[in-house]
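Scroll down for the structure; my scribbles are underneath it.
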Amino acid sequence: MSLNILGMGFSHPSNFIDNKFLEDLDVGTNSEWIMEKIGIKTRVTSLPLDYIKDTRNQNPKKALEVASTTPTEMGIRAAEMAMQRANIKAAEVGLLIVNCCTPYLTAPSEAQRIGAELGVSGKAYDVFSACPAFALHMDYLNNFKEESLPEYVVCISTAATTQHVNYNDRTDGAIWGDGAASWVVSTKHSGKLKTLDTTFTADPSRCGAVVIDTFGFFRQDGRAVRDFSVRQTVRLVKRMEENFQMDWNRDVFVGHQANRTMLQQVTNNREIPDSGHWHNVTELGNQAGAGAPAVMAMNWDKIQSGQKIAVAVVGAGLSWGSVLFEAA
Amino acid sequence: MISILGVGASRPASSLANGIYSTLKPEYVGAGGNVDVSQAIKNTVISTTELAAAAARDAIHSAGIEAERIGLILADCATPVETIPGESQRTANLLGLKIPAYDLLAGSTSLLNALSSLKDWKEDKLPEYILYVSANSPTQRVNFNEGKEKSFFSDAAGALVISSKHRGKLCLDDVIDFAGAPELGALKINLFGHIGLDLDSFNENYKNCLIKLDKEKDKAPGVPMIISDCHPLSEENSAVNFPDQANSLGCGIFSVLKEKWESLKKK
């Protein structure tokens, strides 16, 4: 059985926070430090820039009131793009699974609300592990007997993490961007991408390293998470190299879009040339579980027949996983 | 075939009123009625995750296995104290387990949703033992100063040990899937707000579900039906925990199963 990707979509707000804006917040950061440590030039946010400047988002509840868009709306737009590319209608979707790090409601689930808006008549529920959602969803679907999966499955990962950022923190404000990604999966129909391999696992003993408090802010043990992210991503890529014939002159690596500097460490370690590394973190920031699939969705028309795409994603939980695709 | 080897249930030690078990300190509820829900998590006698871990340990003991043999933890929680990480990972941390863990969230139908999924997995993808945990603290989202919600909800957690490799006391015959968009207006929990219940919609949903279940029951006459909330069918064919424990967003079924566990007999 092969999980085939028939279409992918993405969505993000149109407000950009650049490094000059963060410098002007006067929280002890500057563009040189950001580029050296994180490698992000701009990040997208659903928050008005004046709101961030005036309040530093000290009251996340207010953020929801002033935001230009919601995780639900972004998820819907991403799914609509993915379904259009897959040439299917929402009524044909037999299963919708969603990952949302920043829900506006904790009941009903994000999937149930998005499913109702889209007009999905099949089952809808959240499959959640924050940032590694792309690998989790594909690995989760890979567990099923082929005959038990519906004709079309839609997956979405969405988050508006900037709404939970304390902009008095010089690091957190520089990391996050808002966005959603979606992909249409089928075992009954071939698509642009065929899944060759999936993995997902976790070490919950370190779950306190990356947190969003329900009524508060994002916080993390930055150094520990950075070391974990690079180490695990390298391991995941090495495993795909060892088990499959990767040719980095033809194939592509897509990592978790957390930090360009970290991704550079990975590509240096695995000797992956720039041409074989797709990313969007420099322009959009860390879009949590949407990052890696959004990269693929944004490069959808560039995917070449025979090319392998190796995705390695890490994040909260701590959890991590990989997906290896081959383009038809 | 998916089998249930053990069941666990937990709830706070004391109740605010008949059937209303709460993780909240009674003095906190008495002082302000939880008008500001953001203060709730600072005023608890036990956390939702601690309830989850207690139910999990109970289920593991009930199954007669060691926790280290569990290969996967799935969980649901509609009242999380953190939106990341997931409740499965917080619970696994308290249990000291370093294994794959993620959340499957479908509100009060989360358990049936999870069982429905697991029964469709390939055999070689199923770990020897799976722990499923459900934990909810809806009273942390109740405004005790007004509204019907203060009489409707209770905090609780439940857990099951599930296996396809070992036969347990209960084997999953089938899960009757109710696909289709749920009645979204019946019950809502806004991230920063109180729980909102439209009792008429809630009851209408429940009635429709029971009608469907009743029709399916005819396919397997004599199979006991276990219902965790306040709408019993008939005494001989149902088991309830209401009014001893109010609505815990799907966790009630675990306490009912636990109560009946020893008396369950093979057909």
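The values are calculated or read from the model by the stated rules, or taken from the named source; none is laboratory data. Keep in mind it's a predicted model, so treat the numbers as computed, not measured. For neighbour counting, all protein chains shown are included, and Cβ atoms are generated from backbone atoms with ideal geometry for every residue, glycine included.
Points worth noting:
- Residue match in segment A:160-179 (condition: away from chain B (no Cβ under 14 Å), within 17 Å of A:Met296 (Cβ to Cβ) and in contact (Cβ under 8 Å) with a residue 24 or more places away in the chain): yes
- Residue ranges of strands (runs of 3 or more DSSP E) in segment B:1-118 with at least 3 members away from chain A (no Cβ under 14 Å), aliphatic (A, V, I, L, M) and buried (at least 21 other Cβ atoms within 10 Å of the Cβ): B:3-10
- Hits in segment B:119-151 - residues which are in contact (Cβ under 8 Å) with a residue 40 or more places away in the chain, within 11 Å of another protein chain (Cβ to nearest Cβ) and of a type in the set (D, E, K, R): B:Lys119, B:Glu123, B:Arg141
- Selection count, segment B:119-147, where residues are out of contact with any helix residue (DSSP H, G or I) (no Cβ under 6 Å at 6 or more places or on another chain), under 25 Å from B:Pro12 (Cα atoms) and assigned to a helix (DSSP H, G or I): 2
- The residue list A:Ala290, A:Ala297 contains one member that is away from chain B (no Cβ under 14 Å) and either closer than 20 Å to A:Thr158 by Cβ or in a helix (DSSP H, G or I) (or both), which is A:Ala297.
- A search for C-beta distances below 6 Å between a residue of segment B:177-204 that is facing chain A (nearest Cβ under 9 Å) and modelled with pLDDT under 80 and any residue that is buried (at least 19 other Cβ atoms within 10 Å of the Cβ) and in a strand (DSSP E or B), counting only pairs 6+ apart in sequence or on different chains, returns B:Ala179/A:Lys123.
- Verdict on A:Tyr140 being more than 7 Å from every other protein chain (Cβ to nearest Cβ), in contact with an Asp or Glu (Cβ under 7 Å, 6 or more places away or on another chain) and either over 25 Å from B:Asp198 (Cβ atoms) or in contact (Cβ under 8 Å) with a residue 60 or more places away in the chain (or both): no
- Condition met for A:Glu151 (touching a residue at least 24 places away in the same chain (Cβ under 8 Å) and more than 8 Å from chain B (Cβ to nearest Cβ)): yes
- Qualifying residue in segment A:74-91 (condition: within 13 Å of another protein chain (Cβ to nearest Cβ) and surrounded by 24 or more Cβ atoms within 10 Å (Cβ to Cβ)): no
- Sole exception among (1) free of Cβ contacts under 8 Å to residues at least 12 places away in the same chain; (2) in contact with a strand residue (DSSP E or B) (Cβ under 7 Å, 6 or more places away or on another chain) for A:Lys308, by number: (1)
- Scanning segment A:114-137 for residues that are more than 7 Å from every other protein chain (Cβ to nearest Cβ), within 18 Å of A:Val210 (Cβ to Cβ) and small (Gly, Ala, Ser) yields a total of 2.
- Single condition A:Asn243 does not satisfy, out of (1) surrounded by 17 or more Cβ atoms within 10 Å (Cβ to Cβ); (2) within 30 Å of A:Pro150 (Cα to Cα): (1)
- Taking segment A:298-328 as the range and being hydroxyl-bearing (Ser, Thr, Tyr) and under 19 Å from A:Ile272 (Cα atoms) as the test, only A:Ser322 passes.
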